[in-house]
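Only the coordinates and a few stated rules stand behind these numbers; no lab work does. Note that the structure is predicted; figures quoted are calculated from it, not measured. In this analysis, Cβ positions are derived from the backbone assuming ideal geometry, glycine residues included, and neighbour counts consider all displayed protein chains.
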Amino acid sequence: MFHIETILEKKLRKSMEDIIEIVICLGSSCFARGNSGVLVEIERFVGEHGLQDRVLIRGSRCEGACTEGPNLRIAGIPYRNVRAADIVPLLSRTLLQVGHPDE
Ligand code: FES
């Protein structure tokens, strides 16, 4: 099959490349360990920084690392044992590039 990418498809592909995906595990183990609070903090951070157009938040059923939860991934990078209090420094570093990577 032959397909020529349209201008609209190019714009859509480019805009998708600029979107950062956050996948939060909402499986029972991570949920019991506190990911509901983590999700609230992520949504609050994204809203406060006007990042709604740059960040896609979605849930997963299990990340295969239940004993290390709560788990989430940001742009494909897994983060384990994440607490609600970790969200502001983590998202500042990953979404706003504030602070040092090893903080
Ligand atoms: S429930 Fe979150 S990793 Fe399994």
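Could you please find all residues in region 59-93 being in a strand (DSSP E or B), over 16 Å from Val40 (Cβ atoms) and of a type in the set (A, V, I, L, M, F, W, C)? First the steps, then the outcome.
Residues of region 59-93 in a strand (DSSP E or B): 59-60, 72-74, 77-79.
Next cut, over 16 Å from Val40 (Cβ atoms) only: 60, 73-74, 77-79.
Within region 59-93, Ile74, Ile77 qualify.
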Of the numbered conditions (1) part of a strand (DSSP E or B); (2) aliphatic (A, V, I, L, M); (3) in contact with a Leu (Cβ under 9 Å, 6 or more places away or on another chain), Leu56 fails exactly one; give the number of that condition.
(3)
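Go through region 53-65 and count every residue that is within 15 Å of the ligand (Cβ to nearest atom) and closer than 15 Å to Ser36 by Cα.
So the first thing to find is which residues in region 53-65 are within 15 Å of the ligand (Cβ to nearest atom), and the list is 58-65.
From the residues that got through so far, the ones that are closer than 15 Å to Ser36 by Cα too are 58-62.
Selection size over region 53-65: 5.
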Can you name the residue in region 10-43 that is surrounded by 18 or more Cβ atoms within 10 Å (Cβ to Cβ), outside any helix (DSSP H, G or I) and β-branched (Val, Ile, Thr) and, of all such residues, is farthest from the ligand (Cβ to nearest atom)?
Ile22
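For Val46, are the conditions met, namely being surrounded by 16 or more Cβ atoms within 10 Å (Cβ to Cβ) and assigned to a helix (DSSP H, G or I)?
Numbers: surrounded by 16 or more Cβ atoms within 10 Å (Cβ to Cβ): yes; assigned to a helix (DSSP H, G or I): yes.
The answer is yes for Val46.
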With respect to the numbered conditions (1) buried (at least 18 other Cβ atoms within 10 Å of the Cβ); (2) within 14 Å of the ligand (Cβ to nearest atom), which one is the sole condition not fulfilled by Ile74?
(2)
Residues of region 63-83 classified as touching a Ser or Thr at 6+ places or on another chain (Cβ under 8 Å) and within 11 Å of Gly27 (Cα to Cα), total
2
